[in-house]
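A quick write-up on the structure given underneath.
The values are calculated or read from the model by the stated rules, or taken from the named source; none is laboratory data. Everything quoted here is computed from the prediction, not taken from an experiment. All Cβ positions, even for glycine, are placed from backbone atoms using ideal geometry, and neighbour counts span all protein chains on display. Heavy atoms of the whole protein, side chains included, go into the accessibility calculation; ligands, DNA and RNA do not. Shrake-Rupley method; radii C 1.70, N 1.55, O 1.52, S 1.80 Å.
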Amino acid sequence: MILRTRWLGTVPYGEALAVQEALFEHGREQHLLLLEHPHVFTYGPRADLATNLRCDPAAVGADLVGVQRGGDITYHGPGQLVGYPIVDVPDRIGAAEHVRNVEQLVIDTLAELGISAGRLTEHPGVWVDAAGDNPRKICAIGVRLKHGRTMHGFALNVVTDMAYLREHIVACGIAGRPVTSMVEEGVDVPMRDVVDTLARLAGGRWGDGVADRQEVAWRHRPDDLSPFSRGAGPGEPVRLVSRLAAAGVTTGLGISARKPVWLRPKVHHGREVLALRRTVRQLGLVTVCEDAGCPNLSECWADGTATFMVLGERCTRACGFCLVDTSKPGPPAIDEPERVAAAIASMDVDHAVLTMVARDDLPDGGMAHVAACVEAIRRRRPGARVETLISDVRGSADALATLFAVRPDVLNHNVETVARLQRAVRPSAGYARSLAVLARAKAAGLTTKSGLIAGMGETDDEVEGCLADLAGIGVDIVTIGQYLRPTSHHLPVARWVEPEQFARWARRGEELGIGHVEASPLTRSSYHARAAADHVVAAVPVGVHR
Ligand code: SF4
């Protein structure tokens, strides 16, 4: 059994919880999430907040979140390694023994790093000087075990700001017992070393030695999102290439590298496609199909599928692979939902895909506008399926709920690339954030879909690992296509992936539990969208009223 270990960097508590719950609910494999949280106090249903919470969380820059787990109030924040093993345990193992296993993993990790620690019989967790006169708690543990599967886990203080555990709360409700951290115990090692040691030991505990370890970039400061450009000057993009190099991708094909034959399809647009184009123009709409010069346009349109870009053509972000304009967007067009619906009705589109640029300038990231488009389409063409391909709306659960409420038939959000390349390829987004968007959509009962672009420096195994993560959170449909470099200002192509490799990924993805994987060099997010949905969307064929 393989253990899928992921270092996810800094992840807001709510987003990590959404990913955990999806892996707990839908996962069939062993997963270990390792991360840090921004400042947050969490408490179980039996916590005594009146006694144990000694501050106004907002006043100290922290969130306060109630969760379904054992234990009283605790704290998570920068410099604290949080680990969530979402694993199947044998029936004979109960919650108490699972807690002991998690404790032993932390005890062994600390021992390798030079700290002797142990247990106290009267309190869970890991304690320094456990058998001595002054036991100090260095790691809190809170787990949930249901139907032989676990979630939640441990919080190990590495270089934690201990004021949050000493002054602002009574940690874990245990009054009179000191808390400590590795650095306070004289062991000042980088977080990465702690993660390396723990991940290796965890592989032996929950993965019988077989580990698939993937991680996001380490040098990722959460505030490092200064406005981006794709390299203002002529020639090579500056920052993103250096990030790619920092992620280990130092070679790439030249801009004039000849594409292999499988990427040079003969494109012919028949009369009906040209007529449809005119319709789109007359309605003042933009299709990604045309904007991106997609080679699949004729096939998709003839199949009654078209992808409309809503919320304008200017994005508030600058992903390294994307041709979209990155300048200040204008306000959303009030009449756009009706115009899109009119186009879909006049084009007899049965499977409409709405895609969007990132609108971080809008409080809800544009979700109310996309929802209005879905409703307008449902009014004008009741039988049409609507797929929405959305940005991560900066992880806002409220904004997502606005769209989920109109129940798009397919909720699509692209993870785009593997964990290691996220910071270089989509600097304003994040791996855990995208998994959380998909996990929340699944929890809302929607059919979910995601997509990857291959050929930007990832390995075949990393793609399989990403498919395993998507399968683990219950994603129903995945698309994988070849990266094509739009301009010299964009990231270079690292390789042309062979068609056979796409076929292998498709098979592997479906073996891992994904309902349908559409993978080929020319695949794009909406390619064969209708057929892909037919595979998984709960028995509501196109054309039937909801
Ligand atoms: S957020 Fe989307 S539209 Fe914006 S640059 Fe990235 S991929 Fe392109």
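Summary table
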| read-out | value |
| --- | --- |
| Lone qualifier among Val493, Val463, Val497, Val478 - being part of a strand (DSSP E or B) and away from the ligand (no atom under 16 Å from the Cβ) | Val478 |
| Strands (runs of 3 or more DSSP E) (entirely within segment 338-434) containing at least 3 residues that are open to solvent by less than 10 Å² (accessible area, probe 1.4 Å) and away from the ligand (no atom under 15 Å from the Cβ) | 385-389 |
| Number of the exception - Thr42 against (1) out of contact with any His (no Cβ under 9 Å at 6 or more places or on another chain); (2) buried (at least 21 other Cβ atoms within 10 Å of the Cβ); (3) β-branched (Val, Ile, Thr) | (1) |
| Unmet requirement for Gly83, which otherwise passes all of (1) surrounded by 16 or more Cβ atoms within 10 Å (Cβ to Cβ); (2) modelled with pLDDT of 95 or more; (3) assigned to a loop (DSSP other than H, G, I, E, B); (4) of a type in the set (Gly, Ala, Ser) | (3) |
| Residue ID - farthest from Val216 (Cα to Cα), chosen from residues in segment 257-275 that are loosely packed, with under 13 Cβ neighbours inside 10 Å and at pLDDT 90 or above | Val261 |
| Residue match in segment 440-455 (condition: assigned to a loop (DSSP other than H, G, I, E, B), more than 14 Å from the ligand (Cβ to nearest atom) and farther than 21 Å from Gly27 by Cα) | yes |
| Odd one out for Ala245, checked against (1) outside any helix (DSSP H, G or I); (2) surrounded by fewer than 20 Cβ atoms within 10 Å (Cβ to Cβ) | (1) |
| Residues located in segment 288-327, provided they are open to solvent by less than 30 Å² (accessible area, probe 1.4 Å), more than 9 Å from the ligand (Cβ to nearest atom), outside any helix (DSSP H, G or I) and small (Gly, Ala, Ser) | Gly304, Ala306 |
